[in-house]
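Chemist: Sending over a structure as structure tokens; questions will come in a sec.
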Amino acid sequence: MDPISAISSNLAASGTSRLLAEAFVKMQQTLARLSSGKRINSPEVDAAGLAQLERLTSQAGQIDAGSSNVANATSLTEVQSATAQQLADLEARKGELAIRAQDATLTDSDRQAIQAEFAALQGSQNQLLGQQFNGVPVFSSSSQQVVTDGDGSNVTLSAINLGGSVASGGIAESTSGATSVSTSANAASALNTINSSLNNITRGLANVGAGQARLTVTAETNDIRVENLNAAASRIGDTDFAQESANLSRFSVGVQAGIRSLRQANSLGSLGLNVLA
């Protein structure tokens, strides 16, 4: 049947209406992408892409959280380093006093004056050894596990137990009241303890430095991983404004042309009525 002579149906108008609706949907999707900045605004647009986007975003977020752990651990090691250096300076001064206290020309009264300073230095050291970082002891006999990402990776920070005994790597005997320079003999014994304590402090500083180096490398690696994960997520989920702007112009022209074509198609039915006139 000639579509022009059909009155009860208008196939041309139906086809044109369908094409117009499709063009209008595409234009709406383009407008949504331009206004939101997102290429995927609903799952039906790209279900697989959306799933991949969520995985990438989640992984980047977990690494960011791990980077926060690394930054906090780095702050802890910086406090450890600064405190250990202060302890070393105080220990070095105690060593000087121990040598001075062995001067054969000193009287007991002179040694008591030296002992007073020596005890004050010990008090300062004990105060430093008791410091905490957010409730966590700065010096502890336990190592620290720093989780760095969502894959279970971690950095182990060695135990820095400067508050322990000299035999266990600390300086406890050196800061104890039992160690003094009140006599020449005591000063000689104290000097041996002080030298051993200084060795422990320097070893502790070396361990702190090694931990800081690992944390620095981990932080840099995490930054690179997050940067590339975000780049991949952006390619999947972000709007290409140049392309979508061009699409908007194309779909807008298509919709306008479709509306005009639909008007023409709707008028075809009236042509059939002319046959009856």
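Only the coordinates and a few stated rules stand behind these numbers; no lab work does. No experiment lies behind these values; they were computed from the predicted model shown. Here Cβ is always computed from backbone atoms with ideal geometry, including for glycine, and neighbour counts include all displayed protein chains.
Chemist: At 7 Å along the Cα-to-beta-carbon direction for both Ala188 and Gln131, put a label point, then send me their distance in nm to one decimal.
Modeler: Rounded to a tenth, the inter-label distance reads 3.6 nm.
Chemist: By count of other Cβ within 10 Å, fewest leading, how are Ile194, Ile63, Ile171, Ile40 ordered?
Modeler: Neighbour counts put them in this order, fewest first: Ile40, Ile63, Ile194, Ile171.
Chemist: Given 0.36 nm per residue, what is the gain on full extension from Gln85 to Ala120 after removing their alpha carbon distance, in nm?
Modeler: 10.8 nm
Chemist: Still on this model: Could you please rank Asp46, Asp223, Asp149, placing first whichever residue has the fewest other Cβ atoms within 10 Å of its Cβ?
Modeler: Asp223, Asp46, Asp149
Chemist: Let me ask you something else. Tell me the net charge near Thr175. Cut-off is 10 Å between Cβ atoms, Thr175 excluded, with +1 for each Lys or Arg and -1 for each Asp or Glu.
Modeler: Charge balance in the 10 Å sphere: -1.
Chemist: Continuing with this model, one more query. About the Cα centre, and with charges only on the beta carbon of Lys, Arg (+1) and Asp, Glu (-1), how big is the dipole of segment 47-234? Nearest 20 debye, please.
Modeler: 240
Chemist: Assuming 0.36 nm per residue, please report the length gained on full extension of the stretch Ala113 to Ala167 beyond their Cα-Cα distance.
Modeler: 16.5 nm
Chemist: With label points built 7 Å along Cα→Cβ from the Cα atoms of Glu96 and Arg250, find their separation and express it in nm.
Modeler: 8.1
Chemist: Please compute the length gained on full extension between Val147 and Ser75, using 0.36 nm multiplied by the number of residues separating them and subtracting their Cα-Cα distance.
Modeler: Once the chain is fully extended between Val147 and Ser75, it gains 24.4 nm.
Chemist: Please order Thr83, Thr179, Thr156 by the number of other Cβ within 10 Å, starting at the fewest.
Modeler: Thr156, Thr83, Thr179
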